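Novice: First the structure, then my questions, so here it is.
The values are calculated or read from the model by the stated rules, or taken from the named source; none is laboratory data. From a predicted model like this one, the values you see are computed outputs, not experimental measurements. Because the Cβ atoms are built from the backbone with ideal geometry, glycine has one as well, and the counts that use them run over all protein chains shown. Just so you know, the surface numbers come from the protein's heavy atoms only, side chains and all, with ligands and any DNA or RNA stripped out. Shrake-Rupley method; radii C 1.70, N 1.55, O 1.52, S 1.80 Å.
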Amino acid sequence: MNPAIGADSTGVSDILFNVTRLNAKKFFAEGTVDLKAYGLDEPKIRPTAMLKADGDKEPVQHVLLVGSEAEGGGHYAKLGDGDLIFSIEQNVVNYLTSELHDRTLIKFDSFKVDGLTLTWPDAKLELANKKPEGKTVKEWTVVGDDSFKLDVTKTSSLLTYLSLLNTDKFAQYQGDFTEAQGLTSPALLIEVRVEGESTPKTLRIGAAAEGEKRYVATAEKSGPVALLPDDRFKALLIGPKYF
């Protein structure tokens with residue numbers, strides 16, 4: 001079963017706030033006009049708000065059509081049942097085109113991490129974070145290799161980044177991973193073991209994507225695929241010697 005993605009309540013609230021208080025930036029035309037000239041024959045965005053029934057009143061539907069970029073900035077727009085062409089501010093369009101799914105990929109308390117495993121196609125590094133005998137503070141060690149000189153600063157930095165990992169955009173919301181995404185046999189698999197949790201938090205880092213991004217996922221074979229900045233993982237992909 002594919003993991004479900006919830007809604008980003010903040011993003012939805014931002015849209016509702018801006019649309020319910022919508023102001024025209026500039027008026028352009030009224031009456032019978034060529035909608036194609038404003039990109040409104042095939043709108044770029046068509047947000048629809050449905051107001052629930054109130055007493056004897058039927059539910060009311062409001063539609064906003066957003067077209068091409070307008071003269072003087074912003075975008076051309078019109079109400080679905082109106083004949084007035086106007087423009088709206090760019091920030092309103094930005095809210096309407098933002099990612100409305102919950103963008104949180106991984107979340108955990110970094111102070112409760114007791115293990116970290118990184119698996120590359122040809123190497124593996126397993127780290128443990130435990131209190132040595134007679135001490136009160138946890139220390140990171142490399143499991144099975146006492147000679148490995150671990151850079152604890154890099155370990156802590158990675159965990160801080162992963163502890164509240166968000167994306168700005170998803171490549172897909174459901175379905176099987178594709179070969180192009182490189183997630184079935186990832187360039188790097190990160191597993192974070194958190195105290196009190198039976199299963200680790202996982203992040204699969206796949207192939208490079210357009211726009212200096214990289215495909216990532218938290219599931220094994222199917223489900224949401226997110227995009228994250230490629231430069232955040234480039235150094236990690238060299239293998240254990242990064243640490």
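Novice: Based on the Cβ-Cβ distance from residue 143 to residue 107, what FRET efficiency comes out when R0 is 25 Å, to the nearest 0.05?
Specialist: 0.50
Novice: Then there is this: So how much slack lies between residue 173 and residue 20, counting 0.36 nm per residue of separation and subtracting their Cα-Cα distance, in nm?
Specialist: Once the chain is fully extended between residue 173 and residue 20, it gains 52.3 nm.
Novice: Quick check for you: with a 1.4 Å probe and neighbouring chains kept, what is the accessible area per residue of the range 30-73, in Å²?
Specialist: Roughly 76 Å² per residue, with all protein chains present.
Novice: For the pair residue 160 and residue 79, what calculated FRET efficiency results from E = 1/(1 + (r/R0)^6), where r is the Cβ-Cβ distance and R0 = 41 Å, to the nearest 0.05?
Specialist: FRET efficiency, residue 79 to residue 160: 0.30.
Novice: Report, to the nearest 10°, how far helix 152-163 tilts away from the longest principal axis of the Cα atoms in the chain, using its own Cα long axis and a range of 0 to 90°.
Specialist: It is inclined by approximately 30 degrees.
Novice: Report the paramagnetic label zone for residue 119: residues of the range 171-191 whose backbone N is under 16 Å from a point 7 Å from Cα along the Cα-to-Cβ axis.
Specialist: Only 183-191 pass the distance filter.
Novice: So, in nm, how far is label residue 150 from label residue 184 when the simple model puts each one 7 Å beyond its Cα toward the Cβ?
Specialist: 3.4
Novice: Over all directions, how big on average is the projection of the convex hull of the alpha-carbon atoms in the chain, in square nanometres?
Specialist: For the Cα atoms of the chain, the hull's average projected area reads 19.6 nm².
Novice: Next question, about the same structure. Could you please state, rounded to a whole Å, how far the C-alpha centre of the range 91-150 is from the C-alpha centre of the range 182-227?
Specialist: 12
Novice: Here's another thing I want to ask about it. Lysines near residue 169 by alpha-carbon distance under 25 Å, same-chain residues fewer than 8 away left out - which ones?
Specialist: Reachable lysines: 44, 107, 201, 213, 221, 234.
Novice: Of the options 167, 51, 39, report the single residue whose Cα projects farthest towards the positive end of the charge dipole of the chain (beta-carbon charges: Lys, Arg +1; Asp, Glu -1).
Specialist: So the residue furthest toward the plus end is 167.
Novice: If I model a spin label at residue 52 and residue 195 as a point 7 Å from the Cα along the Cα→Cβ vector, what separation in nanometres do I get?
Specialist: 4.4
Novice: Also: Give me the orientation-averaged projected area of the Cα convex hull of the range 175-241, in nm², one decimal.
Specialist: Mean orientational projected area (the range 175-241, Cα hull): 5.2 nm².
Novice: Nearest 20 debye, what's the magnitude of the dipole of the range 95-230 about its Cα centre given +1 on Lys and Arg Cβ and -1 on Asp and Glu Cβ?
Specialist: 300
Novice: When we measure straight from the Cα of residue 57, which lysines land under 28 angstrom away, once same-chain ones fewer than 8 places off are left out?
Specialist: Counting by Cα, and skipping residues close in sequence, residue 57 has these lysines nearby: 78.
Novice: Now a separate question. Treating only the Cβ of Lys, Arg, Asp and Glu as charged (+1, +1, -1, -1), what charge dipole size does the range 172-243 show about its Cα centre? Round to the nearest 20 debye.
Specialist: Dipole of the range 172-243, to the nearest 20 debye: 180 debye.
Novice: Let me ask you something else. Report, ordered by chain and residue number, the lysines lying within cross-link reach of residue 135, taken as a straight Cα distance under 23 Å and ignoring same-chain residues fewer than 8 apart.
Specialist: Residue 135 reaches 112, 149, 154.
Novice: What value does the range 1-74 have for Rg/Rh, both radii from Cα atoms and Rh as Kirkwood defines it?
Specialist: 1.07
Novice: Quick one: Karplus J couplings for the range 191-199, per residue in order, coefficients 6.51, -1.76, 1.60, θ = phi - 60°, nearest Hz, x for Gly and Pro?
Specialist: 10, 10, 9, 10, 3, x, 10, 6, 10
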